[in-house]
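Here's the structure we're looking at; comments come further down.
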Amino acid sequence: MNKKYLLIVFFTLICSFYGNSQNTESEKIEQLKIAFFTEELNLSTNEAKRFWPVYTKHNAKYEELRSTEWSNIKSRLNNIKNLSQEESDKLLKDYMAYKKTRVEYREDFVTNLKEVISSKQIMMLKKAEYDFHKKLLKQYQSDKSSKK
C-alpha cells in the first residue's frame with residue numbers, strides 16, 4: 001500500500017511538473033525534490049505528514065539567513081581587495097557568526113527531525129539532498145550544453 005501511494009504521489013507530481021505551465025522552475029524543482037526525498041527516505045504517509053512541515057520550516061529559516069546574512073557577506077567579499085584591515089576584521093567576524101548560526105540551525109533541524117523520523121532516515125536525507133543536488137547540477141549542465 002505504501003509503495004503504491006508513493007508511486008501515485010510521484011506520478012501526480014511528475015504530471016503536474018510537465019502539465020502545468022504556470023509553475024515556475026523553482027516550484028517544479030520543489031515538486032521533484034518532494035517526490036525524490038519521500039521515495040529515498042521511504043517515508044510512510046504518517047511520517048511524510050510530520051516530516052515535510054519540519055523540513056519546510058528549516059528551509060525557510062535557512063533561506064532567510066542566506067538571503068540576508070550571506071548576501072551581505074558575499075557582496076563585501078567581492079570587494080575584499082579594497083577593504084581596510086578594520087573592514088576585513090568586521091567581515092571575518094560576520095562570516096564566522098554566519099557559519100556558527102548555520103551550524104546552530106542544522107543542530108536544531110536534526111533535533112526536530114529526531115521527533116519525526118529515525119536517525120538512519122536523517123542520514124538518508126543528507127545523502128538524498130546530496131544526490132538530488134548532484135542530479136540537478138548534471139541536468140543543468142546537460143541542458144546548457146545542448147543549447148550550444
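Every read-out reported here was derived from the displayed coordinates using simple, explicitly stated rules and does not represent laboratory data. On a predicted model such as this, the values are computed, not experimentally measured, just so you know. Using ideal geometry, Cβ is built from the backbone for each residue, glycine included, and neighbour counts are taken over all protein chains shown.
What order do you get for 38-44, 74-80, 97-103, 55-61 when each peptide is scored by the mean count of other beta carbon atoms within 10 Å, highest first? Could the numbers behind the result be given before it?
Values: 38-44: 17.9, 74-80: 11.0, 97-103: 12.7, 55-61: 14.3.
Ranking, from highest mean packing down: 38-44, 55-61, 97-103, 74-80.
Charges on Cβ only, +1 for Lys and Arg, -1 for Asp and Glu, centred on the Cα centroid of region 27-131; of F36, S75, N59, which one is farthest towards the dipole's positive end?
In region 27-131, that residue is S75.
If I model region 41-112 as equal point scatterers sitting on the Cα atoms and use the Debye formula, what is log10 I(q)/I(0) at q = 0.14, 0.17, 0.25 Å⁻¹?
So the normalised log intensities are -0.57, -0.71, -1.08.
Take V103 and A60, extend 7 Å from each Cα along the Cα→Cβ direction, and tell me the distance between the two endpoints in nm.
Each label point is offset 7 Å from its Cα along the Cβ direction, giving 2.8 nm.
Place a point 7 Å from Cα of S67 in the direction of its Cβ. Which residues in region 25-60 have their backbone N less than 11 Å from it?
Only 60 fall inside the zone, counting backbone N under 11 Å.
About the Cα centre of region 63-148, how large is the charge dipole given +1 on each Lys and Arg Cβ and -1 on each Asp and Glu Cβ? Please answer in debye to the nearest 20.
That gives region 63-148 a dipole magnitude of about 660 debye.
Please turn the phi angles of region 72-88 into ³J(HN,Hα) values with the Karplus equation 6.51 cos²θ - 1.76 cosθ + 1.60 (θ = phi - 60°), one per residue in order, whole Hz, x for glycine and proline.
Along region 72-88, the couplings run 5, 5, 4, 5, 6, 4, 4, 10, 4, 5, 9, 7, 6, 4, 4, 5, 5 Hz.
Using alpha-carbon positions, what is the distance between the centroids of region 123-142 and region 53-111, in Å?
If we compute the Cα centre of each part, the gap is 23 Å.
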